[in-house]
Structure formats: structure tokens, C-alpha cells
Amino acid sequence: MDTDHQQEAAIEEHSKGKQLEHFRAEHDGEKLTTNQGLRVSSTDDSLKAGNRGPTLMEDFHFREKLTHFDHERIPERVVHARGFGAHGYFQVYEPLTEFTKAKFLQDPAVKTPVFVRFSTVVGSRGSADTVRDVRGFATKFFTAEGNYDLVANNIPVFFIQDAIKFPDMVHSIKPEPHNEIPQASAAHDTFWDFVVSLPEITHMIMWLLSDRAIPRSFRMMEGFGVNTFRFVNARGKARFVKLHWKPMLGVHSLVWDEAQKLAGKDPDYHRRDLWDAINKGDYPEYELGVQILDEADEFKFDFDILDPTKFWPEELIPVKRIGKMTLNRNVDNFFAETEQVAFHPGHVVPGIDFTNDPLLQGRLFSYLDTQLIRLGGPNFHEIPINRPLAPVHNNQRDGYHRMTIDRGRVSYFPNSLQGNTPQPASDAEGGYVHYAEKVDGQKIRQRSDSFNDHYRQATLFWNSMSVAEKQHIIDAFHFEVGGVMDKQIKQRVVDMFNNVDGQLAVQIAGGIGATPPANPGGTGVTATSPAVSQENTIKEARTRKVAILMENGFNFPEVTQVMEALKGTGVHAEIISKNQGLLTSVDGRQLEVNKNYFSAGSIMYDAVYVTGGRQCVDTLLTHGDALHFVNEAFKHAKAIGATNEGVDLLAASQIRGAALATTETFAELVNEMGVVTIRNAADMGYFSQKFIEAIAQHRHWIRQNQKDMVPA
Ligand code: HDE
């Protein structure tokens, strides 16, 4: 068939309403075209009347190109504007039939596709990744029964109890409206003015000022559904449920100094980490956990289970791990996928239902509403990233950006012209039937008294923190409230947190120039919840990053033995040197430098290793950047390793308190405070093993006092 005939055939198909995809594929010469498919002869010069003359109106290519560009931006999300997404799949471990009829939670053989978007809350789209903030952790499950969205955060509680206060809360924490300062930060007057005026926010502030709000990686964060949902099984029996994501690599954080420096040196730190990990095959994995509560136990606890400023302590209600999510594919296009994805806690499937949690009820309105302005109309479900795998049939029609070509003349129900289709489905056919909870009440703008205890769980959280975690919270108060100008607000912060713990209030006051409480207070709660402390998390070295400081004249076998051992444990190493290019060892062999000191800093790595070789170390000793690298890694409590002459660099640095191998020690390993050294050794096996163990610890808080004395 010649081209004319093919085209005729294709046009005929088109008139029958069929797609022209095969025609397009056959005729695609991959040449530059207009949006109408017209090949363009030049895109460097606009059409002009004479080569120094004015541009002509008839230059449709110029006008189309500029017009499209002028309209490229859509409004960023009002909260959670900065995010990063990835694809993957979810598999349940065993049928959850007893608790829910949700199909995607029945068959361990089924891999349900997912799309996850991680985010910060307050900052604009171009803000830094490592700011102190809650992280969003939203997952879209493309199930056979329609899309299910688990729109979670990395902190299990929330700022407010009723969604009607959400605009106030967000206005207070966003940059102040008169001067748009500060970006992506809570350290300013309007936020703390709001805080001290709202006792229910107390518990959330404890979490926000804890290490949870500066994660090491999206791969090392928990996710919490926050709101209380319902699981409903096929017999109609309902139970309350809280949903959790548990990262297989444990929960780990940055330190504040590191987070601030990273915001300058690599504002894309978290998204780069996720992107690189997936590209390297280090697929992030999270287990889905559920806390399930019988309806009969609704009032059994000293907090209201519908109160979103409370978590359900795992000691009281254990987390059952029901399946695993693996993120194994990066996006092809950030805008099309990550920016246009639209989550909504109201996207549920049969077997998952709501409760009267007043925050959840309000969320059910807001998410759909916000997409209408953000994505420009009611057809955002047709954007490829949002399109369910389950077929869509209904009588909704038209609207901006409609993609579906609806056939026939029937767009109403009931009808007889189309056999009364599409028909609603019965319960047995998978139709969504809302849980028939009995509700009876008067119309009142009030809250239950059971929502009135704002301090006890804040004390429980404080009690559960390790010494280092407590210190970080106090430091965070000093930074955040230290940024407040109004003195009475500062004082009210001290008074507010005196309700949680007297000593906490005294220590807050000490750093912000406020008066300590006359009567140190507290709630009297002495219990702890070990699961909320990151001290008790999974600790392993896999996927961590080590910087190797090196110059010409290094010992080739020494460094390559260590590199092999790291690689064998799934730890990634990069060689850092003053200049990029090739380095030559004592015996003339070469290794390529990955980064120089302009592009790398200790803040981008989990550990540092200094290798031996007389000439190599003598050069390193003349580099302030190398000494700073070691000092800073020590200050940030990271594992540090050095072998043979490499130990000289540590000895010349300002690290304190950790004993180092001396020239007299023969192949004897010294391992103190996460500083692992050995001298006069040829076999790096034992050193590598101990160094990897130190990396797995993530941080060595035992250095608490010594590290603070290090200038870096
Ligand atoms: Fe959101 N939230 N939120 N939120 N939220 C949005 O929806 C809102 C809440 C969460 O990656 C918005 O599409 C109200 C709790 C995440 O696209 C908006 C309330 C939790 C994301 C909205 C809450 C979340 C959002 C803005 C009640 C943890 C990012 C853009 C006070 C369980 C999703 C959008 C993504 C996004 C409203 C509270 C998590 C305006 C009214 C609690 C992860 O609709």
C-alpha cells in the first residue's frame, strides 16, 4: 500500500473513532515538528521582514512555541509543593481476609503497581530538601478495584484536631505575608504565635523539633496514615485501623548543622539520593504495617482513638506487618508524573472506610477541591499518572481537557436507550458500600472532652527519647524559637512546654533568653514507648556512602581491599581528591577520582576513610579541606576509618577523645567512638569488618561532648 492509501485507510479508521497510533509510529521520522505535526525547517530564527527587520505575525511556529512556554507553569501545591516520586509495586504477605475485603490485600501472588510521592510541607517547589519539616509520603495503589491512595506523613500525629483550622495553621507557618520571609522554615514569629495560642499543637511540636523532621533519606523514613480508618471484611465486620510504612533500612536522620549545610551544597539531597538508589538497583523497600482495633475496644485507652494529635503506642496495639512495597523505577518525566499526580484520602476501595476523625472528614473535602484549581478542571483523573487500571464507566461528561471520547447519546441514568447501563454494582459485584455506622447527634460546633488532653502523649514521647535525641530537641527549640523576635511569645513557649516536662522547659529557656518556669511542671507520665526512639531502629550499612580521601602516592592494595569489602556489603564508596582525574599509587597503578572538594563535602557521606601511602597522606596534611572533612564528619558523629599512614591525618585533625592506632601498634585495631584505625597492617580484612560495623551504627552519639568541641 502506498502512503496515500495508507493515509486514506488511517483516516477511515479515525472517522470510526479508532486511534491513529500505528500510523503515527510508521510515519515518525523523529524530526522537529509543531504541535500539529508539521515538520519545522528552522527553530533558531523567527520569520522576519528582512534580516534586521520586525518579526512577522504569520510566524505560527514562533507564536506556538512562545505561547506554550508562557503557559508552562501550573500552581504549585498549596502545601507539599516540593516533592519527588517513584514507581514500584506492593505485595501482601498473606491474605488479610479476616480483616478486610480489599482485593489487593488478599493474594500474595499479586503485584499491585504503586506510585509514591515524598514531599516537604512548607517550602515552595524550589526550596531545599533538608529543611526541618514534616515529610509527606503519599502512595497510590493501582488496584483492580480502582485507585487506593494512602496519603501519609512521616510523623504519626498532626498539628490540629479539626480540619477547619488547617488554613490558619498553614498561614502561620508559611513565609510571613508582608515580606515572604522565611522560606521553608518554622523559625519565625507568626508560627510560634500560633503555637502558643493552641495547646492541641504541643505534641506535634515535639515531633517536629525531633530528628524525625530532618531525615537522612526518603528511604529511611516511616510513613503514618495519621488518621484512623476502618477495615471492613466481607461479612461486614468493621475494625479501626492505623496504617504505617516501615522502612527496611530503619529510620535515620541528619543532624541539624548538616541539614543546613546540605541545603546550600546540595538542595536536591533527598531526591538525588532516591534517584541514585533506584538507578543503582538499591530499591527502597517499606513494609506496610497495620494496628487493628476491635470496635469493642474503642474507649479502652486514656486517649481518644479518633484524635489525630495522638498516636497508638505500639506497646499497647502492636503493628502487624502485612506486606511490602518496593520502589524500582524512576519517573520518565517529573512534570507529567510527579507534579501531576493527584492524591486524595477519599480514594478508597471496598474494605477500607472512614471514621469520624474530624481531621480526616475535612481532608475528604480538601484534596479533590485543590486538584480542580491545580490541575485545571475536573478531568485530572485522565492524566496518565492518575488513570486507574480499573476501567472507568460513568455519565460524567465534558469539562476542560477531556481526553475520553465518550460514545453514543446516552449520558444519564436511568435510561432505556442503552439498556440502563452503566449499571451500579451490588456489594457482591464489588460496589462500594459505605460502612453503615449509626450516627445520631445535634448540630454543634464543639469537640468531645476526650480530645482535651494535650500534654500526656507529648511527655510520653519526650520520655522515650535517648539522651542524644533529647539534646537535639532542645537544640531545635533554641534554633526555632531563637528565630522569634517577640519576647512574650518566647516566654509563652517556655510556659507551654512546662506542661510537658519541667526540665525540658528549663532547658528551652536557657537557650532563648527566657525566664525558666518558677515551678517546673509536667504531666506525671513516666512511661516510655521504645518504638518511637530512632535509637531502637534497624541498623545496617547497606546502601550507605563512604568518602575516601586520597591523593597521589596511595597504597593500591590497601585501598582496593577496603573498597572491595565495602562493595561486598552494599556500601558505595567515592574517591575525593583536590583535583579530578586519575591518581597514581606508589606502585604506579591508577584510580579515578569521583569528586573534588568543590563538589563534595563530608555532609554528603555517611562515613570517611583515609587510606595509607606516605606521599598521599603528606599531601592530604597540607589540604585544609581534607582536615575539615574529617573534623566535620567527627562533629556529625559519623564513622571514620583510617589505615596505616592515613591515621596521621586523623592525628593532625581536631577530633577529640578517640584513641588512634600508634606507630608502635602492629596490626592492632583501635576502635573507639566510631573511629576505627590500624597501623602496620597489610591485610585490611579485620579493619574493613569493624569499619563497616561502625558505618552501620549510623551515628556515634557517644561522642556527645567531644564532638561539640570540634570547630567545623
Ligand atoms: Fe494534606 N493536603 N491536609 N495532610 N497532604 C494536601 O492536597 C489537608 C494532612 C498530605 O504528594 C493538599 O493535592 C487538609 C494529614 C500529603 O501530592 C491539600 C488537612 C496528612 C500531601 C491538603 C490535611 C496529610 C498532602 C495540597 C487537614 C498525613 C501531598 C496538595 C488538616 C496523613 C500529596 C494536594 C502529594 C497534600 C489538605 C492534613 C498528608 C490542600 C485540609 C493529617 C502527603 O488538599
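The values are calculated or read from the model by the stated rules, or taken from the named source; none is laboratory data. Remember, predicted model here, so these are calculated numbers, not experimental data. Every residue, glycine as well, gets a Cβ built from its backbone with ideal geometry; the counts of neighbours run over all protein chains shown.
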Residue list for segment 295-324, restricted to those being touching a Gly at 6+ places or on another chain (Cβ under 6 Å) and assigned to a strand (DSSP E or B) = R321
Only residues that are assigned to a strand (DSSP E or B) and more than 9 Å from the ligand (Cβ to nearest atom): list them for segment 142-169, please.
-> F142, T143, G146, N147, Y148
Could you list all residues from segment 457-509 that are among the hydroxyl-bearing types (S, T, Y) and either in the same structural domain as D302 (by TED's automatic domain parsing) or more than 26 Å from the chain's Cα centre (by Cα) (or both)?
-> T459
Tell me which residues, restricted to segment 582-592, are surrounded by 19 or more Cβ atoms within 10 Å (Cβ to Cβ) and not hydroxyl-bearing (S, T, Y).
-> L583
Tally of residues being under 24 Å from T100 (Cβ atoms) and near the ligand (Cβ under 9 Å from one of its atoms) across segment 333-356 | 3
Where a residue in segment 366-394 is without any contact (Cβ under 8 Å) to a residue 40 or more places away in the chain and within 20 Å of V79 (Cα to Cα) and its partner, wherever it lies, is more than 13 Å from the ligand (Cβ to nearest atom) and part of a helix (DSSP H, G or I), with Cβ under 7 Å and at least six apart = none
Would it be correct to say that T404 is among the hydroxyl-bearing types (S, T, Y), part of a loop (DSSP other than H, G, I, E, B) and over 26 Å from F115 (Cα atoms)?
-> no
Give the residue, chosen from I548, I576, I603, that is in a helix (DSSP H, G or I) and crowded, with 16+ Cβ neighbours inside 10 Å.
-> I603
Has segment 502-509 got any residue that is at pLDDT 95 or above and closer than 30 Å to G601 by Cβ?
-> no
Please specify each residue of segment 583-600 satisfying the condition of being under 23 Å from R542 (Cβ atoms) and assigned to a strand (DSSP E or B).
-> K595
Could you tell me whether segment 554-570 includes any residue that is at pLDDT 95 or above, part of a loop (DSSP other than H, G, I, E, B), hydrophobic (A, V, I, L, M, F, W, C) and under 21 Å from G685 (Cβ atoms)?
-> no
Hey, does segment 99-120 have a residue that's assigned to a loop (DSSP other than H, G, I, E, B) and within 16 Å of the ligand (Cβ to nearest atom)?
-> no
Matching residues, segment 295-311, being of a type in the set (F, W, Y), within 17 Å of T528 (Cα to Cα) and surrounded by fewer than 20 Cβ atoms within 10 Å (Cβ to Cβ) | F301, F303
Working carefully through the options D369, D427, D398, D440, find the one that is of a type in the set (D, E, K, R), surrounded by fewer than 14 Cβ atoms within 10 Å (Cβ to Cβ) and not in a loop (DSSP other than H, G, I, E, B).
-> D369
Just to be sure, is D273 surrounded by fewer than 18 Cβ atoms within 10 Å (Cβ to Cβ) and at pLDDT 95 or above?
-> no
Enumerate the pairs (first residue in segment 218-242 and farther than 24 Å from W275 by Cα; second residue anywhere and hydroxyl-bearing (S, T, Y) and surrounded by fewer than 21 Cβ atoms within 10 Å (Cβ to Cβ)) with beta-carbon separation below 7 Å, excluding pairs fewer than 6 apart on the same chain, so at least 6 apart or on different chains.
-> T228/T355; F229/T355; R230/T355; R230/Y435; V232/Y435; N233/T97; A238/Y435; F240/T355
If we scan segment 65-87, do we find a residue that is more than 16 Å from the ligand (Cβ to nearest atom), surrounded by 13 or more Cβ atoms within 10 Å (Cβ to Cβ) and more than 29 Å from R272 (Cα to Cα)?
-> yes
With criteria (1) in contact (Cβ under 8 Å) with a residue 24 or more places away in the chain; (2) touching a Phe, Trp or Tyr at 6+ places or on another chain (Cβ under 9 Å), T97 comes up short on (2)
Is there a residue being outside the structural domain of N499 (by TED's automatic domain parsing), within 17 Å of S127 (Cα to Cα), crowded, with 20+ Cβ neighbours inside 10 Å and in contact with a helix residue (DSSP H, G or I) (Cβ under 8 Å, 6 or more places away or on another chain) anywhere in segment 155-168?
-> no
The lone condition N463 fails out of (1) over 30 Å from H700 (Cα atoms); (2) polar (S, T, N, Q); (3) surrounded by 14 or more Cβ atoms within 10 Å (Cβ to Cβ) is (1)
